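Working notes, beginning with the structure itself.
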Amino acid sequence: MALDDINLTIRAGETLAIIGHTGSGKSTLITHLNGLLKAQSGTVIFEGKDIWADKKELKNIRFKIGLCFQYPEYQLFEETVYKDIAFGPKNMGLDEKEIDRRVRQSLAYMDLPESYLERSPFDLSGGQKRKIALAGILAMQPDILVLDEPTAGLDPAARNNLFDLIRSYKEQSGTTVVFVSHSMEDVANLADRIVVMNKGKIAMEGAPEEVFQHADELLAIGLNVPAITKIFLGLQKNGYPFQTVYTVEDAVKILKPLIGGDTLDA
Amino acid sequence: MSFIEFSNVTYSYPDTKRKAIENIHLTIEQGEFISVIGHNGSGKSTFAKLLNGLLVPPEGCVSVSGISTADEEKRLNLLQQVGMVFQNPDNQIVASVVEEDVAFGPENLGVPPEEIRTRVDDALKTVGMYEFRLKAPHNLSGGQKQRVAIAGILAMQPKCIVMDESTAMLDPIGRKEVMDAVKKLNREFGITIIYITHFMNEAVDADRVILLDHGSICADGTPKEVFADYDAITREYGLDVPQSYELMKQLGVNACILGEEECILHLTRLLGENGKA
Ligand SMILES: Nc1ncnc2c1ncn2[C@@H]1O[C@H](COP(=O)(O)OP(=O)(O)OP(=O)(O)O)[C@@H](O)[C@H]1O
Ligand SMILES: Nc1ncnc2c1ncn2[C@@H]1O[C@H](COP(=O)(O)OP(=O)(O)OP(=O)(O)O)[C@@H](O)[C@H]1O
Ligand SMILES: [Mg+2]
Ligand SMILES: [Mg+2]
């Protein structure tokens, strides 16, 4: 069974991370969110309604819940980058001018120059394909962004750019974001809440500071804690009673007052 | 003669004017463990494909063990010497049973059946997948699938393995399993490893780091040499640094510390009695 007895509530406006070992059911879970897959039993409720109650509504739900696939190759199929990004907005029935505006804006969000618009999406590097796939989803301006491993294959600058973009997009429109990630550091930096999957079931759920407290349990199911957390666990072992941290920012807050800084050398 | 030699290699894809690889000149010795980093589109995958003759440069020359990759007659020999593992664990496995998948490469090379048997068993043992030899690959985890893919290459007795972001889709344990397997192949069998990655904490595990930027090599040295220039790495090249180094930087400590253990030791020394209850 790819998914077994999942009970999950996603709150409007939150950033929810889904983590779990390979094959734990993360992708299966999120393809249920917009009705790409239908569960054999149980329901998915969106804004108070069963998404499968009305087949016609389902199409609109797919515009409201923008899902970006784990492998961009499965999402890109048009002969130009322009057509690929325009695909979603076109299906929504937007007029040409608005489509054009959204295509260019989304491409710019991904930090790619307009010269990419006429290229074939298949003649791009792995990370560039990922950026086009993300741009295609952003162009629909969905209420909920569902991103399956959105940073896999992105270089660090592109990853930070995507995170900044998600943060400012949320600030402007209150979008709900659900993302899958194998990077514990990314999860600690971006998520308000984490759902941990193990063998098709939800194993843990909570804020990053709650979930990452369970380093041993996470290790046992194929996961880990952020590198900075490991450093702090090491310091604790060496006799420093620091509180455990999950981001470099919080680590600096604790250590800065204790270390002279500036003039210190290795 | 070095194991791998690039002399003045430039490559553009058909119908493009941009150069994906520009004037690369470098040598790699047998047994090196090299990571390759660089922004999206910097030319890492192109570099990888030039290594095993999937792409042949119109300008300059790439040679492996003294054989030019342009030599059509030696193509099969080249593919056997330089194996590649890609990003997606799901589309590298061809057979429906693990051991058949691993046997696929040597079968194509015309290796006699009894030798294939030993090669397959040895390869699976080396990557820690021997108990899974009769399993169906689709029932394996991503990290296990990638190790089967590595075993398939190993059974061809390569001199070099190129990993093109082979851990990008893996969970933390899967990443570690694959990295450990690759380190073992390097140390125990002297297989040259070219490890392409966007994870800086993986890149610093190599003995040598090559940094690509817009198709050219911008830095080539030990991890500490390449990461020494924090500003260049984080601002110019679109990359970042491991969290231990980032922490040092933000604390105003001038030390290129790339690993967690080293970071804990260093902080303990800096803190002394400060901060102890
Ligand atoms: N199309 C399919 N048909 C049959 N089984 C499938 C299919 N897709 C996935 N599975 C199985 O369902 C389970 C959950 O897979 P899923 O892809 O949801 O995992 P995941 O957590 O997203 O893994 P990864 O981190 O590798 O992306 C796995 O055991 C997988 O083998
Ligand atoms: N088949 C192709 N046809 C035309 N141009 C291509 C093709 N493949 C890659 N390119 C271009 O060549 C350049 C180098 O691409 P390459 O795939 O080597 O980059 P990369 O460093 O592997 O990037 P990434 O980190 O995104 O995987 C990029 O600008 C890319 O757009
Ligand atoms: Mg998945
Ligand atoms: Mg690439």
Failed item, numbered, when B:G190 is tested on (1) of a type in the set (G, A, S); (2) touching a residue at least 24 places away in the same chain (Cβ under 8 Å); (3) open to solvent by 10 Å² or more (accessible area, probe 1.4 Å); (4) under 14 Å from B:G38 (Cα atoms):
(4)
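It is to be established whether one or more residues within the range A:203-213 are over 20 Å from the mean Cα position of the chain (by Cα) and open to solvent by 50 Å² or more (accessible area, probe 1.4 Å). Steps first, answer last, please.
Filtering the range A:203-213 down to residues over 20 Å from the mean Cα position of the chain (by Cα) leaves A:213.
Within this subset, residues satisfying the condition of being open to solvent by 50 Å² or more (accessible area, probe 1.4 Å) are A:213.
Scanning the range A:203-213, I find at least one residue that is over 20 Å from the mean Cα position of the chain (by Cα) and open to solvent by 50 Å² or more (accessible area, probe 1.4 Å), so the answer is yes.
Within the range A:117-135, take every residue that is more than 10 Å from chain B (Cβ to nearest Cβ) and open to solvent by 10 Å² or more (accessible area, probe 1.4 Å) and give me the one that is farthest from ligand 3 (Cβ to nearest atom). Before the answer, list the steps.
First pass over the range A:117-135, keeping only residues more than 10 Å from chain B (Cβ to nearest Cβ): A:117-118, A:121-122, A:132-135.
Checking the rest, the ones that are also open to solvent by 10 Å² or more (accessible area, probe 1.4 Å) come to A:118, A:122.
Working: A:E118: 32, A:F122: 22 Å.
Only one residue tops the list, namely A:E118.
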Count, please, the residues in the range B:247-259 that happen to be surrounded by fewer than 20 Cβ atoms within 10 Å (Cβ to Cβ) and either facing another protein chain (nearest Cβ under 7 Å) or assigned to a helix (DSSP H, G or I) (or both).
5
Filter the range A:145-176 for residues that are under 27 Å from A:F46 (Cα atoms) and within 16 Å of ligand 1 (Cβ to nearest atom); the one that is nearest to the other protein chains (Cβ to nearest Cβ) is A:E149
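Would you point out the residue of the range A:93-111, among those that are under 22 Å from A:Q70 (Cβ atoms) and open to solvent by 20 Å² or more (accessible area, probe 1.4 Å), that is farthest from ligand 4 (Cβ to nearest atom)? Before you say what the answer is, go through the steps one by one.
Our first condition is that a residue be under 22 Å from A:Q70 (Cβ atoms); within the range A:93-111, this holds for A:106-107, A:109-111.
Filter once more, keeping what is open to solvent by 20 Å² or more (accessible area, probe 1.4 Å): A:109, A:111.
Values: A:Y109: 21, A:D111: 17 Å.
Only one residue tops the list, namely A:Y109.
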Answer residue from the range A:166-191, given it is open to solvent by 20 Å² or more (accessible area, probe 1.4 Å) and under 12 Å from the mean Cα position of the chain (by Cα) and is nearest to ligand 3 (Cβ to nearest atom) among those
A:N189
Given B:V62, B:V102, B:V56, B:V97, which one is surrounded by 19 or more Cβ atoms within 10 Å (Cβ to Cβ), out of contact with any Asp or Glu (no Cβ under 8 Å at 6 or more places or on another chain) and either within 14 Å of chain A (Cβ to nearest Cβ) or not polar (S, T, N, Q) (or both)?
B:V102
Within the range B:260-277, restricting attention to residues that are facing another protein chain (nearest Cβ under 7 Å) and more than 28 Å from the chain's Cα centre (by Cα), which residue is most open to solvent (accessible area, probe 1.4 Å)?
B:A277
Among residues of the range B:10-51 being β-branched (V, I, T) and more than 13 Å from ligand 2 (Cβ to nearest atom), the residue nearest to the chain's Cα centre (by Cα) is B:I34
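Of all the residues that make up the range A:1-26, how many are within 14 Å of chain B (Cβ to nearest Cβ) and surrounded by fewer than 19 Cβ atoms within 10 Å (Cβ to Cβ)? Give the derivation first.
We begin by selecting, within the range A:1-26, every residue within 14 Å of chain B (Cβ to nearest Cβ); these are A:1-2, A:17-26.
Narrowing further to those that are surrounded by fewer than 19 Cβ atoms within 10 Å (Cβ to Cβ): A:1-2.
Of the residues in that region, 2 qualify.
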Please enumerate the residues belonging to the range B:201-246 that are in a loop (DSSP other than H, G, I, E, B) and farther than 24 Å from B:D164 by Cβ.
B:A228, B:D229
Enumerate the pairs (first residue in the range A:1-20 and among the β-branched types (V, I, T); second residue anywhere and assigned to a loop (DSSP other than H, G, I, E, B) and surrounded by fewer than 19 Cβ atoms within 10 Å (Cβ to Cβ)) with beta-carbon separation below 8 Å, excluding pairs fewer than 6 apart on the same chain, so at least 6 apart or on different chains.
A:I6/A:G42; A:T15/A:D192
Please return the ranges of helices (runs of 4 or more DSSP H) entirely within the range A:1-99 where 3 or more residues are away from ligand 2 (no atom under 16 Å from the Cβ) and within 20 Å of the chain's Cα centre (by Cα).
A:26-33, A:55-64
Return yes or no: is B:Q87 within 14 Å of chain A (Cβ to nearest Cβ), in contact (Cβ under 8 Å) with a residue 40 or more places away in the chain and not in a strand (DSSP E or B)?
yes
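Just name the residue that is surrounded by the fewest Cβ atoms within 10 Å (Cβ to Cβ) out of those in the range A:236-251 that are of a type in the set (A, V, I, L, M) and at the interface with another protein chain (Cβ under 7 Å from one of its Cβ atoms). Let's see the steps before the verdict.
Initially, the range A:236-251 is screened for residues of a type in the set (A, V, I, L, M), giving A:245, A:248, A:251.
From what's left, at the interface with another protein chain (Cβ under 7 Å from one of its Cβ atoms): A:248, A:251.
Working: A:V248: 22, A:A251: 25.
Looking at residues that are of a type in the set (A, V, I, L, M) and at the interface with another protein chain (Cβ under 7 Å from one of its Cβ atoms), I get A:V248.
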Pick from the range B:1-47 the residues that are within 11 Å of chain A (Cβ to nearest Cβ), in contact with a strand residue (DSSP E or B) (Cβ under 9 Å, 6 or more places away or on another chain) and open to solvent by less than 30 Å² (accessible area, probe 1.4 Å): which of them is nearest to ligand 4 (Cβ to nearest atom)?
B:K44
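The values are calculated or read from the model by the stated rules, or taken from the named source; none is laboratory data. These figures come from a predicted structure and were not determined experimentally. Here the Cβ is made from the backbone with ideal geometry for all residues, glycine too, and neighbour counts use every protein chain on show. Quick note on the areas: whole protein, heavy atoms, side chains included, nothing else; ligands and nucleic acids left out. Shrake-Rupley method; radii C 1.70, N 1.55, O 1.52, S 1.80 Å.
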